[in-house]
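Have a look at the structure below, then the notes.
Readers should treat all values here as calculations from the given coordinates under stated rules, not as data from a laboratory. A quick note: this is a predicted structure, and the numbers were derived from the prediction, not measured. Here the Cβ is made from the backbone with ideal geometry for all residues, glycine too, and neighbour counts use every protein chain on show.
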């Protein structure tokens, strides 16, 4: 554990009233908590949660607060918290974690709550080498990293040496001696040394699986310390990327991960989380529907009117106790539903609103609606229009320049790879996911005319390219949250994750 300036993470009740009689067992399970770093309140974008007696905090923001980092790997459904040369990897919704390569039982699984990856704060802190204390007098969970090999506490208003001694399990005499105090007088902001504290990391038994080169640093460019034979017993004391920090019979140094065999006491056979493969709840409580009247004109039919009013034809039919195939007659009066979708709170700078496709998205981005698609990673953009689609938006670029811009964003060639985008439409910024593969059409051929060799090997059938001259054969898929795939009517985990990412998931 590298030495750094002390960080004090305080989980405190939001209410102003301090709890002076709470027991340690109860105080560590209090919900409705806030967070303070070095006694300064941190405004997390998502409040800490208490689940089954375990306090959970946003992983990325917590890691940043203690001087570490957090990264989520979508392909492995794994979130890794790193601090110095220690790393703790959580699989989403899995009770088994990996600490420096060793499987361990976690206090609670990592979960997505309020569009944040949440991890158990006490467990995470302790595994990464921090010291954790519960201040029951203030209902504060305090996490310490060493400062110059010491655990240092910043005195808070109302503290006494007796209170501090009770919190840290020490004595008033020991506090006086550690800090050269002649009496009991202390003041807010004063730094008190509690004890010597220089954690070295948790040793993990391992062995070398093949002939290995022990190096002085975490990289192939570092000098060689020694060479180890296969099956040599070693001890892992840290991890830095793909390199393990180790103690071996031939000295201390770093070994590449491919030659290190961690002795495991647990296995992780849990299936992947179904979170992104399932419907994800969206708050639609502010949405409502209004109705207007329309008198059918000669030539009107159900699908045409539904497209005109920006609703599915089955919804227009249902609102009038009709079927989608019923004939409409001039003079017939129809009820026209209109969905009002108020703007939602955006949870991150540069991000977009998260809308449920079937309840909200398809009404905000109806057929023939044009919008600006902005790639979240590069900031590059293009214009496109929704031309078809029921389970998700089938979308086409407006011009050849837009098509080229989209292709450039996807690396210069079309693929089914997905990317998070912001869709700007009618003054709103919406979180969406875009697949970079035009399909099911041939540019320059009349819309719905039967054609051969439709793009992406769709063979012979109706031409689903309604924008001639834009240089794109067919249309591409745009997903909002809870959109479905056409092929099997199931949720697409990759699109779900990208939509949430565009909406501020971290």
Subject >> Segments 495-501, 334-340 sorted - mean Cβ within 10 Å per residue, highest first >> reply: 495-501, 334-340
Original post:
Label points 7 Å out from Cα along the Cβ direction at residue 162 and residue 349: separation in nm?
Top reply: 4.8
**OP:** Please give, to one decimal in nm, the separation of the simple spin-label points placed at residue 460 and residue 321, each 7 Å out from Cα toward the Cβ.
**Re:** 4.6
Original post:
Which of rounded, prolate, oblate describes segment 204-262, given a ≥ b ≥ c as roots of the alpha-carbon gyration tensor eigenvalues and a/c under 1.5 marking rounded, otherwise prolate only if a/b is larger than b/c?
Top reply: rounded
Original post:
So what is the relative contact order for the chain, in percent, with contacts set as C-alpha pairs under 8 Å and at least six apart?
Top reply: 10
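Suppose R0 equals 35 Å. What FRET efficiency, 1/(1 + (r/R0)^6) with r the Cβ-Cβ distance, do residue 71 and residue 308 give to the nearest 0.05? Before the final figure, lay out each step's value.
Working: r = 47 Å, r/R0 = 1.34.
The formula returns an efficiency of 0.15 here.
Rounded if a/c is under 1.5, else prolate if a/b beats b/c, else oblate: with a ≥ b ≥ c from the C-alpha gyration tensor eigenvalues square-rooted, which is segment 424-489?
oblate
What translational diffusion coefficient, in µm²/s and rounded to a whole number, does the Stokes-Einstein relation yield for segment 288-340 at 10 °C and a viscosity of 1.306 mPa s, taking the hydrodynamic radius as the Kirkwood radius over Cα pairs?
Translational diffusion coefficient: 145 µm²/s.
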**OP:** Return the whole-Å distance between the Cα centroid of segment 340-406 and the Cα centroid of segment 47-84.
**Re:** 30
Subject >> Relative contact order for segment 204-262, counting Cα pairs under 8 Å that sit 6 or more residues apart, in percent >> reply: 39
Original post:
For residue 96 and residue 486, FRET efficiency with R0 = 41 Å and r from the beta-carbon atoms, rounded to 0.05?
Top reply: 0.70
Original post:
If you take the beta carbon distance between residue 178 and residue 132 as r and set R0 to 25 Å, what does 1/(1 + (r/R0)^6) give as a FRET efficiency, to the nearest 0.05?
Top reply: 0.80
**OP:** Give the percent of DSSP beta bridges with both residues in the chain that are antiparallel, rounded to the nearest 5.
**Re:** 95
**OP:** Would you give the gap between the C-alpha center of segment 109-169 and the C-alpha center of segment 246-300, rounded to a whole Å?
**Re:** 29
**OP:** Can you tell me the alpha carbon radius of gyration of the chain divided by the globular rule-of-thumb value 2.2 N^0.38 Å?
**Re:** 1.26
Original post:
Given a cut-off of under 8 Å on Cα pairs at least six residues apart, what relative contact order in percent is computed for segment 357-502?
Top reply: 24
Original post:
Given 0.36 nm per residue, what is the gain on full extension from residue 226 to residue 399 after removing their alpha carbon distance, in nm?
Top reply: 56.1 nm
**OP:** Compute the distance in nm between two label points, each set 7 Å from the Cα along the Cα-to-Cβ direction, one at residue 279 and one at residue 450.
**Re:** 3.9
**OP:** Sort the following peptides by mean Cβ neighbour count (other Cβ atoms within 10 Å, averaged over residues), highest first: 379-386, 433-440, 185-192.
**Re:** 433-440, 379-386, 185-192
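Taking only DSSP H segments of four or more residues, each worth -39500 (n - 2.57), what value at 222 nm results for the chain once the sum is divided by all its residues, to the nearest 500 deg cm²/dmol? Could you put the intermediate results ahead of the total?
Details: 9 runs with 69 residues, N = 506.
It lands at -3500 deg cm²/dmol.
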Subject >> Longest to shortest principal axis, alpha-carbon extents of segment 361-464, angstrom >> reply: 38, 31, 23
**OP:** Evaluate the Debye formula for segment 96-182 with equal point scatterers sitting on the alpha carbons, no solvent, and hand back log10 of I(q)/I(0) at q = 0.17, 0.23 Å⁻¹, in q order, two decimals.
**Re:** -0.85, -1.18
Original post:
Roughly how many Å is it from the Cα centre of segment 456-470 to that of segment 479-495, as a whole number?
Top reply: 22
